Amino acid sequence: MIPPYARYGLGTTCAIAAGAWLGAAEAPARLVASGYSPFAISFCMVLGVFLARWTLPIAMKGTTAVVRDLRQRPHLVLWAVIAGALWAVANTLTIFAIRDVGLSIAFPLWNTNSLVGIFWGWTLFHELDGASPRNWARVLGGAAAIVIGSVLLSMLSVHALGTPGLALRGIAAALAAGLLWGTMYVPYRKAYLTGINPLSFVTIFTFGEVGTMLVLAAILPGSLHSLGRELQALRPSVLWLLLGGFCWVIGDLFQQYATKYVGISRAIPLSNTNQLWGFAWGVLVFGELSHVRGSTRLMALAASGLMIVGAMLIAGATASAAESASCVRAVRRECDRYGLPFDRTLRAHNGVETDDGSERRRWWDYAMLAAALAVFVWFAFWARVPRVAVRQSFAIALIVVSLVILAGCGWLLWKKTRFA
């Protein structure tokens, strides 16, 4: 069993890695500047997410382990679908937000999901029960800093864009996405209190995503009628959006492990360092805010820094022994509610693989991996470099750093838990 201090360190490392990859995944959404429909952009990203959420768990564990995990905890299937539905709606809202206020402004606004996550973690899972006054001060002070930074960036977006109606619409979309993404962590936390492997949970998660996107296509005015035409026009850029969805899943997997090991009240603020990465991609690679005055840029940087300081204050509120005991009680409540064995569930919650993991990969595992690869290869034949101004040197540097983080954190996760 992983000691508490080591579990906290592993969870925080995973959350920081999640921030890097979640930030990079939103860069392809900048294609909305080319005139494509935000809904079509979101639909393509969800397809990339669908492919990744199946292929990565299968490559790492195989379908046998995933199916066994879900059979032991069938109640989580519905919760995973709900989480996927929340994600799909939130992701669509972010595309509209990026179109209206830009990537570097939209990122900090939807990162108010930290506040939502803290609220749900405290209300539903008693994550701060037994916390010291210092930890409470860190959490509340960090939350206040996030709110103030969000307000400053909202004011900046209206001023810098010069189109108050458009900016306010983008602000509303980003804040709504933050609300949904914060609430999405409730199914996450329920899942990991009952010991399910994150790789199994995200496999079912994707059905909620794709199903919700199809529902949105049917109910949004003109969406279903024009989706085929939009996708045809978007075909040269589909590969980049699929890759964006794939990168998102890498970040989300790290985020899932962070939620498992440090809880949602700490995992969300830490993973919201994706704001720094989103700001870097938007400003350095795509040149956002290049048209505004120096004082406005300084204000954007200061507001972003304030939000990150708030997130780090919350992350520094290390769980005490009393909080850890409260978490154990939460595990017991979930076990009693769903009839699960407590000792086995607690070991799984603490990162101990409860099965021998000796299953071999089946032929259909390889077939599914090959099919997913074929989809990417197919769209690679049609791919064209988007007509969006990109500073290649900065883009290459950010990609290299992201890959280093992936390798380092992935190795650490495998060494400590074997992806348990």
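Read-outs throughout are calculated quantities, based only on the coordinates presented, and are distinct from any laboratory measurement. Fair warning: this is a prediction, and the values are worked out from it, not measured in the lab. Virtual Cβ from ideal backbone geometry, glycine too; neighbours counted across all protein chains shown.
Using +1 on the beta carbon of Lys and Arg, -1 on that of Asp and Glu, and nothing else charged, what's the dipole of segment 4-417 about the Cα centre, debye to 20?
With Lys and Arg at +1 and Asp and Glu at -1, about 240 debye.
Mind checking which lysines have their C-alpha under 20 Å from Lys416, skipping anything on the same chain fewer than 8 residues away?
Once the sequence-local lysines are set aside, what remains near Lys416 is Lys61, Lys260.
Hey, what did the chain get for relative contact order, percent, Cα under 8 Å, at least 6 apart?
35 percent
Using the Cβ atoms and a cut-off under 12 Å, what net charge is assigned to the surroundings of Gly117, where Lys and Arg are +1 and Asp and Glu are -1?
+1
Is the chain rounded, prolate or oblate when judged by the Cα gyration tensor, a ≥ b ≥ c being the square roots of its eigenvalues, rounded requiring a/c under 1.5 and prolate requiring a/b larger than b/c?
Since a/c reaches 1.5 but b/c is at least a/b, the shape of the chain is classed as oblate.
For Trp136 and Arg68, calculate 0.36 nm times their separation in residues minus their Cα-Cα distance, and state this gained length in nm to one decimal.
Length difference between fully extended and current span is 20.5 nm.
Nearest 500 deg cm²/dmol is fine: what mean residue ellipticity at 222 nm does the chain get from its DSSP H runs of n ≥ 4 alone, each adding -39,500 (n - 2.57), divided by its residue count?
Theoretical 222 nm ellipticity from helices: -27000 deg cm²/dmol.
Cβ under 15 Å from Val202's Cβ, Val202 left aside: what net charge do those residues give with Lys, Arg +1 and Asp, Glu -1?
+3
Hey, can you list the DSSP H helices of the chain whose Cα span along the axis is 20 Å or longer and whose average Kyte-Doolittle score is at least -0.5?
4-25, 38-60, 76-101, 133-161, 164-193, 198-219, 223-262, 294-315, 363-382, 392-417
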